[in-house]
Structure formats: C-alpha cells, structure tokens
Amino acid sequence: MRKKKQQPLIVVVNDDGVDSHGIKALTEVALQFGQVVVVAPSKGRSGMGHAITLANPLRMYKTYQKDKLSIYRTSGTTVDSVKLAVRNLLKDQEITLLLSGINQGANTSVSVIYSSTVAGAVEARINGIPSIAFSIVNYDKTCDFEAAKMAAFCILEKIFTDGIPPNMCLNVNIPNVKIDEIKGFKYTRQAINYWSEIFDERKDMVGRPYFWMGGDMVEKDKAKDTDMWAVKHNYISIQPLQIDHTNYELLEEMKKWKLKKQKK
C-alpha cells in the first residue's frame, strides 16, 4: 500500500495580533497549500523588531482546531511566537515554511530593521526554515487585502511548484491599490533612507512629562531598483534578505589597518 504523502506544514505568525484581519487573510491563502498552524501574539506587537521576552513567563493557548487549521495565541512578541512554535509546539515536526503578516503598514527601507513582521521571518530563517514576510501599505481598519492575498498566492504557488530553497527569506511589500491597478512584481533592494523622529513632550494629569513619538521617512534614495520605488509605482516588491550583516567590502579594507595595542 502506497504511503500517503504528508501535506506541507506552514506556520503563520504576525505582529498585529492573532485576531487581526491580516493574519486571517494570510491564513486563508496558506490553507490552499497545506496544513496551517497559527502562532501569534494575543495583542499588537508592532515596531518591536527582534525583541524577545526574558523577564516574564511566556504563555501559549490553543484557541481553535478544525481540519487543517490550528490557532494558538501567545503572551509574547512575534519572535517569541516563532520560537515557541519551532522549539516547543512543533519540535518533533518538519516545518515546510513560515509566513509572517499580512502586516498593515509598509516594511520598506530602514523599517525592515524595526519591523516585528520581518523579524518573525528572519527568526525562522535563523532556525533553518524558509520564510516570507508580507506587508501592505495600508493602515486603515477597512483595509482591502485582496491584492495582498493575490501576491501571497502567486509567490507560494511558485515556490511550491519549483521547490523552496532552504536559505530563503523574503520581504514582500504590496501597494495600497486594487488588484487591477497592480502593475506586476519587482525584485528589489532596500532603499537607503532614514526616519526623522519627533518627540512631542506632553504632561500627564499630575504634571509629569512624557513623550509621544512621531516622524517621517526621509527619502534620499530615489533609485528605481528599491522597495520604496516599487510600491510607490504600484508594483509588488519582493526582496531577498540575509542573516549575515557583515560588510565584506569594508572588512577587506579593515584588514589593511595597522592597529597596535597600547602599552600601559
């Protein structure tokens, strides 16, 4: 008797919370390709980057189980959720792919560093699991995820057809337009820009000062091969990420330095 082929096991995480519309949209797409386990924070954890919980206990609860879908909520961050899924919940199973998102808000340029959505995908990649982060440039509660779902389906169909590279980690950003306004896909690099923050000083009810952060992206990089250019011109940006941050060009220059230890 021929053994039944096991379905791909797909883990879905996010930083907007387990009940967000974005994670539900991404889960809907993922279920077309395999068994899905959602493990996500119980509340929003945006902008926390690769933060992990060390000073408090972590909790994880199953909240849904039916057919090919299981849902767990955690008390921690996005990266905590990935770690719990990989090291505890699914430690005896082979995870085929991890998906993070769909985040509401762009994760382009320097925002990649601050993004918990991207951090979830990076953490999976550190653990040898192929991963993809998805974000849509829309912050509204009535966000239309159809273009983002289309992008996710096309990318998943491609990698499940041709095979998933073991070192894959992708950052995907979708413009805030209808599907028929999407011009296509662009393979991009991070735009070299920065945030200019403003800290608005205010007073609480007893007169103590506190600060509320705001700011704008300063766009210095106007090149047409960047993630920001792509989404601004209605293209879906697909960007390969790597774990190694080493600047190898500079490293070679540094090897020429003649540093000497100072004597006391």
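When each of ILE159, ILE129 is scored by the number of other beta-carbon atoms lying within 10 Å, the sequence from fewest to most is ILE159, ILE129. Ranking ILE129, MET217, ILE238 by Cα position along the charge dipole of the chain, where only Lys, Arg, Asp and Glu carry charges on their C-beta atoms, puts ILE129 farthest toward the positive end. When only the Cβ of Lys, Arg, Asp and Glu is charged (+1, +1, -1, -1), the dipole of region 203-264 relative to its Cα centre reaches about 800 debye.
Put in line by how crowded their Cβ is, counting other Cβ atoms within 10 Å and starting with the fewest, PHE199, PHE33 read PHE199, PHE33.
Can you put THR77, THR161 in order of Cβ neighbours within 10 angstrom, beginning with the fewest?
Working: THR77 24, THR161 7.
If I rank by nearby Cβ atoms, fewest first, I get THR161, THR77.
Magnitude of the charge dipole for region 1-121, about its Cα centre and with charges confined to Cβ atoms of Lys, Arg (+1) and Asp, Glu (-1), is about 540 debye.
In the chain, the longest principal axis of the Cα atoms and the axis of helix 146-162 are about 70 degrees apart. Assuming a ≥ b ≥ c are the square roots of the Cα gyration tensor eigenvalues, decide whether the chain counts as rounded (a/c under 1.5), prolate (otherwise, with a/b larger than b/c) or oblate. The shape class here is rounded.
For GLU146 and LYS256, the FRET efficiency from 1/(1 + (r/R0)^6), where r spans their Cβ atoms and R0 equals 45 Å, is about 0.25.
Note on LYS264 and GLU201: the extension gain reaches 18.0 nm, defined as 0.36 nm multiplied by sequence separation minus the Cα-Cα distance.
Every number here is computed from the coordinates shown, using simple stated rules; none is lab data. If you're wondering where the values come from, they're calculated on a predicted model, not measured in any experiment. Don't worry about glycine lacking a Cβ; one is built from the backbone with ideal geometry, like all the others, and counts go over all protein chains shown.
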